[in-house]
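Q: Dumping the structure here so I can ask a few things about it.
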Amino acid sequence: MADFLVRDIDERVAERLKELARQKGWPLNDVILHLLKQALGMAEPEPPPVPGDIARLRGAWNDEEARAFYEAMNAMTELPDDAPAYVKGAEPPK
């Protein structure tokens, strides 16, 4: 395999490369090689997402958390007797 030395890399480009390496958990050299292959149309396609992946990314509540949320939302609908009329559903004063 050939080795290349690239000089005078713009600071913004260098920072973005480092950021990509951190995000992917890859060595900087691997990120640069991947980007070169992508730019040349030689990169292997990204694997399809794993089913259920979106739940992992967005998070999911267990039964206890869902029940606590439901109870908290219900508590918000129960207003005290001394709540102002406009809070109970009447038109706000003009």
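Q: Are any of the residues in region 73-94 surrounded by fewer than 10 Cβ atoms within 10 Å (Cβ to Cβ) and at pLDDT 85 or above?
A: So far as region 73-94 goes, no, none of its residues is surrounded by fewer than 10 Cβ atoms within 10 Å (Cβ to Cβ) and at pLDDT 85 or above.
Q: Let me ask something additional. Show the residue pairs meeting these rules: Cβ distance below 9 Å; 6+ apart or different chains; first residue within region 32-50 and surrounded by 13 or more Cβ atoms within 10 Å (Cβ to Cβ) and modelled with pLDDT of 85 or more; second residue outside any loop (DSSP other than H, G, I, E, B) and of a type in the set (D, E, K, R).
A: So the pair list comes out as HIS34/LYS24; ALA43/LYS37.
The values are calculated or read from the model by the stated rules, or taken from the named source; none is laboratory data. Since we're looking at a predicted model, the values are computed, not measured. Note that each Cβ is placed from the backbone with ideal geometry, even for glycine, and that neighbours are counted across all protein chains shown.
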